[in-house]
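Below is one structure, written out as structure tokens; comments come after it.
Bear in mind that the values in this text are calculations on the coordinates, not laboratory data. From a predicted model like this one, the values you see are computed outputs, not experimental measurements. Don't worry about glycine lacking a Cβ; one is built from the backbone with ideal geometry, like all the others, and counts go over all protein chains shown.
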Amino acid sequence: MARTPSNMIPLGSKAPSFSLLDVVSGEMVSLDNLKGEVGTLVMFICNHCPFVKHIEQGLIDLANDYSDSGINLIAISSNDVVAYPEDSPEKMKELSLAKNYPFPYLYDATQEVAKSYDAACTPDFYLYDKDLSLVYRGQMDDSRPKTDNPAPVTGRDLRAAFDCLISGKPVSEEQIPSLGCNIKWK
């Protein structure tokens, strides 16, 4: 299991726009359609990664807990589906429906969106304010799969950033990179 950290791009960076396939609806959707009134969390995930599987219920809980906050969550999978067929749009749709994902799950077939965000791993998180300026990039929390003393999945770091954004307080610039499997590039 590769342990790849996220790239800590500069805070204040603008969210790159995109138009991608929503695997559940079959429709093309854009960042402009999906962004939240208060903020937007763009997360790079996939079906097969043990790091993502480890926090999956925590992501669902996070989305449900903040569903009325004005922060929208968007999940994107950019993996090479030839090498990793479990990450295909069909399998993404199956998983999203089976787990009742409370956020759209988008497929980045060309991997251009992942490149434009400088995404490196799954999971990789980018939280933007209402103006789509980056306020947080880093880990969900310090829980990791298959460790000797695994911390519980709490979403502590993302929840703290969400709470700051909602209350209008600055998000702490002390941020820890996410850690996960590398994006499976073509």
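Numbers at a glance
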read-out	value
Hypothetical label at Ala160: residues of the stretch 122-136 whose amide nitrogen lies under 20 Å (7 Å Cα-Cβ projection)	123-129, 134-136
Matching label, Rg and Dmax of the Cα atoms in Å computed from the structure shown, candidates (i) 15.0, 44; (ii) 25.5, 83; (iii) 20.4, 67	(i)
Other-chain or far-sequence residues with amide H under 5 Å of Ala120's (modelled H)	Asn7
Most to least packed among 10-22, 75-87, 100-112 [average Cβ atoms within 10 Å]	75-87, 100-112, 10-22
HN-Hα J in Hz across the stretch 140-146 - Karplus 6.51, -1.76, 1.60, θ = phi - 60°, x for Gly and Pro	6, 6, 9, 7, 9, x, 6
Set of lysines near Lys99 by C-alpha distance (under 16 Å), chain-local residues within fewer than 8 positions excluded	Lys53, Lys91
Diffusion coefficient, µm² s⁻¹, Stokes-Einstein with Kirkwood Rh over alpha-carbon pairs of the stretch 61-104 at 25 °C and 0.890 mPa s	209
Length gained when the stretch Glu37-Lys14 is fully extended (0.36 nm per residue, less Cα-Cα span)	6.7 nm
Debye-sum result for the stretch 85-186 in log10 I(q)/I(0), which assumes one identical scatterer on each alpha carbon, at q = 0.10, 0.13, 0.15, 0.24 Å⁻¹	-0.35, -0.60, -0.80, -1.38
Lysine pair count for the stretch 103-186 [Cα-Cα under 27 Å; pairs on different chains or 8 or more apart]	5
